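What follows is a short report on a single structure.
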Number of protein chains: 2
Amino acid sequence: MMVVMAKKSLPLAQVYRLLEPGPVVLVTTTRNARPNIMTMSWHMMIDFEPPIVGCVISNRDYTFNTLKSTRECAINIPTVELAAKVVGCGNTTGRSIDKFRRFHLTALPASRIDPPLVGECYANLECKVVDSSMAAKYNLFILEVVKAWIDRAHKHPRTLHHLGRGYFMVAGKTIKLPSKMK
Amino acid sequence: MMVVMAKKSLPLAQVYRLLEPGPVVLVTTTRNARPNIMTMSWHMMIDFEPPIVGCVISNRDYTFNTLKSTRECAINIPTVELAAKVVGCGNTTGRSIDKFRRFHLTALPASRIDPPLVGECYANLECKVVDSSMAAKYNLFILEVVKAWIDRAHKHPRTLHHLGRGYFMVAGKTIKLPSKMK
C-alpha cells in the first residue's frame, strides 16, 4: 500500500465526529525507542473541546504499562482495506514482535508526541494521558487529543466496528436528519 | 409501529457484542414515577462479565441528576427505522415533555430495574449505576448490565452511529476474519 501524506490538520473541535461512531482504532505507543501498535474498540468521547477521550486497555496488554509510564499515544483510525492488519495487530503482542514490520505498516513522525502515526490510517489523533487515576480499578485512561490529522479524500470512511469473535460491521451509508444536536 | 414481544434473554457475556460497535442508544430513566428517554452516543465497554459500561451524560441533561439519584437506567438500542424518533429524543428535554407519548414509543416493564424498556428497540440492557464517583469531574457513570434482552429476528441490526450535526452512519455489511480476539 502506498502512503501518500495527503493529510491535513483537523480542528480539534471536530475530533468527536471521528470517534463517536465507534470505530475500531489502532493505538500506537513507544517504549525504549521501540514503537508498538494495539487494536482497540473500548473508547468513548468525554468532552468536545479540548477533545477528551476515555479508553480501556487491559492490564494484560503490553500497551498498558507503556501508556501508564510514557503518557503518550496516537489513536489511528483504519478503514476496511486494513482489516487483516487490524486483526493481526489484535492477535499479536509487542512484547515479542515489531508490528510495524510484521504487518507492513508505515510509522510516520507525529508533531506533538513521541509515538509514531500509522500512515495507512485515514485519520490520526495525537494524545496525552491527562488522568490515569482509574487505570488501577478499571484499566481506564483519560486522554486529551492535542493534534489531529485527516485525509480529506475519505468522504465516507468505511471504518470497522467490532462485533466480537472476528466479526466486524463495516460502516454503511450516511443519512442526515434535521437536528439541533452537536 | 407494532410492538411484538419477541425478545429473548441475552447471556450477559454477550452484551459487549452489542455496544462495542458504537451504536447510538436511548437511555431510559424514571423520576417521580415519570419515565424519560435521552439519546446518547458517549459510551464504551469497561469489562466483559459482568458487563461493565462507562457512559458520559452531560450535567446539563435532565437525565444526569435522575441517574445520579435513582442509580438505574436501561440502554435501548434502536435501528435505522427509528432514526427520526432518536433525533427527536435528542432534541427535546424530559423537563417539559413526555417523550414516550410525544414520539409514540412503547414503555415496557423491565425485570430488574424501575425504568421502562423501549419496546421498539431491538435490544434492551437493564443497568444499575455501580460507581458515580467520576460524575462530578467527567460526567462519567459506571454501569453494570444486570439483565439483557434481544430480538433475535435482527441478524444484522442496522444500528445508527452518530457523526455529528444530524449525520448518522448506518451499519453496513458484516465481515468475518480469522481472529483469536474476544
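Odds and ends about this structure:
- Global form of region B:28-92, assessed from the alpha-carbon gyration tensor, a/c cut-off 1.5: oblate
- Charge context of residue A:60, other residues only, Cβ under 13 angstrom, K/R +1, D/E -1: 0
- Calculated FRET efficiency for the pair residue B:112/residue A:33, C-beta based, R₀ 51 Å, to 0.05: 0.50
- Among the trypsin sites (Lys or Arg not before Pro) found in region B:35-121, those both in a DSSP coil and sparsely packed, with 11 or fewer other Cβ atoms within 10 Å of their Cβ, are B:60, B:95.
- Shape call, region B:68-182: gyration tensor on alpha carbons, a/c limit 1.5: rounded
- Cα-Cα over 21 Å, subset of A:7/A:147; A:7/A:176; A:182/B:173: A:7/A:176; A:182/B:173
- If only the Cβ of Lys and Arg carry +1 and only the Cβ of Asp and Glu carry -1, the dipole of region B:50-126 around its Cα centre is close to 260 debye.
- A point 7 Å from Cα along Cα→Cβ stands in for residue A:104, and the other copies hold the same point at 5.4 nm, listed in rising order.
- Distance between modelled label sites at residue A:81 and residue B:93, nm, 7 Å Cα→Cβ extension: 4.6
- At 7 Å out from Cα toward Cβ: residue A:58 inter-copy label distances (nm, ascending): 3.6
- Prolate/oblate/rounded label for region B:126-165 (Cα gyration tensor, a/c 1.5): oblate
Every read-out reported here was derived from the displayed coordinates using simple, explicitly stated rules and does not represent laboratory data. What you are looking at is a predicted structure, and each value in this text was computed from that prediction instead of being measured. Virtual Cβ from ideal backbone geometry, glycine too; neighbours counted across all protein chains shown.
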